[in-house]
Amino acid sequence: MARDADQVYVLLHRDVRVSRNARAQWYLDRLHKTFDVDDVSDDDDKEEEEELRPVGFQPRGPDDGPTCRVTQKTEVSFLALRYRIVYVLDTSPSVAGSSSAAATATTAAALLRRSLLGLCAPFRVPGGRRVLRPDIFVTVVAWSPFLTRDSSQQYVLCQGWCARSDNVDRLCSVVAKRLCAFQSQLARTNRTVQRELSVVRTEAQKMMGGLFEEGVSPAPPPGLSVPVVSADTGFVSMVRTGLLALQLLPKNSSASIVVITDGAVSVPDSDACDAMLAQLRTKTIALSFIQTTSSQYPHNGLSRMPYRGLLQFISSCTHGTLLDQVMLH
């Protein structure tokens with residue numbers, strides 16, 4: 001006797017791109033119908049012939065066998081054999097100037113390592129015997145708000161690495177070494193920017209005082225020699241960097257962008273935010289965030305509040321997730 005399925009797991013073909021319309025059609029064709037899941041283990045050498053193949057399910061009641069029935073309450077999860085993920089490491093001054101150790105290059109590499117180890121671990125599909133070991137292609141990019149020749153806004157730390165459980169440590173070692181070199185360049189650039197900002201603030205105070213003096217025409221404050229991207233524009237730029245990096249990874253794979261940041265971002269322009277979300281949803285790209293700081297740190301009193309609400313909203317709109325350090329342990 002077939003049981004109503006609470007969750008059905010469907011495996012996508014490795015070499016064929018399956019659109020969202022085809023996935024919806026698969027669900028509608030099997031609604032209120034019974035079928036058997038593919039009970040093939042990972043030891044069986046069987047070539048995938050179907051584009052969509054159910055490989056496991058969880059029934060609402062006791063498990064009576066491999067036969068299940070899809071209802072309107074059944075949730076269908078599509079599993080892929082190939083994934084492409086772009087990690088964007090936020091190296092803005094709010095991260096580098098944080099008083100917590102979570103914003104250092106070593107901790108960023110540690111968060112990357114824990115995330116990749118969890119992704120690369122083989123897992124058994126619930127309700128089936130198949131063990132999946134998907135191919136995961138990873139690109140790691142460091143992003144900064146400074147537009148200079150010495151420290152470019154994007155720095156590729158790793159490109160197209162096929163991550164496995166046995167080479168994750170080597171990947172993180174390469175990323176940490178290159179990230180330290182990149183942050184050394186950013187430190188010199190940030191030192192120049194902070195020095196010029198101090199001069200700009202001093203001149204601005206003099207200009208405000210000169211407004212009340214007759215016959216004195218205050219000079220405008222000097223500009224910055226290093227262009228700096230604003231907080232709202234920088235957030236959209238980080239996501240666009242991930243979108244560009246995804247185009248250089250293998251096709252016919254499930255795409256994701258993971259931003260490792262402290263969460264101190266500003267609300268982007270509404271038009272730019274709508275265009276960014278529409279592009280992510282059209283290309284079925286999941287945007288996730290790993291927050292490196294906690295809202296309980298005392299430095300938040302210096303206008304460095306993590307905007308968890310914005311990160312949660314964007315990740316939910318793109319079927320991503322919001323994680324922190326505790327969740328990755």
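Readers should treat all values here as calculations from the given coordinates under stated rules, not as data from a laboratory. Only a predicted model underlies this, so the values are computations on that prediction, with no experimental measurement involved. FYI the Cβ positions are ideal-geometry reconstructions off the backbone, even for glycines, and counts take in every protein chain you see.
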Check Phe35: other-chain or 5+ apart residues with amide H under 5 Å from its amide H, H built from backbone geometry? Cys68
Residues whose modelled amide H sits under 5 Å from the amide H of Val259, counting only those 5 or more places away in sequence or on another chain, are Val88, Ser288, Phe289, Ile290
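What ranking of Cys120, Cys162, Cys172 emerges when the number of other C-beta atoms within 10 Å of each C-beta is taken as an exposure proxy, fewest first? Don't jump to the answer; show the numbers that get you there.
On the way: Cys120 19, Cys162 12, Cys172 24.
Lowest to highest Cβ neighbour count: Cys162, Cys120, Cys172.
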By counting other Cβ atoms within 10 Å of each Cβ, how are Phe289, Phe123 ranked from fewest to most? Phe123, Phe289
How do Glu75, Glu51 line up, fewest other C-beta atoms within 10 Å first? Glu75, Glu51
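Net charge near Val141: determine it from the other residues with C-beta under 15 Å of the C-beta of Val141, scoring Lys and Arg +1 and Asp and Glu -1. If you can, show how the numbers build up before the last one.
Working: positive: Arg84, Arg178, Arg240; negative: Asp90.
Once all neighbours under 15 Å are counted, the net charge is +2.
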Please compute the modelled spin-label separation between Phe313 and Phe78, points set 7 Å along Cα→Cβ, answer in nm with one decimal. 2.8 nm
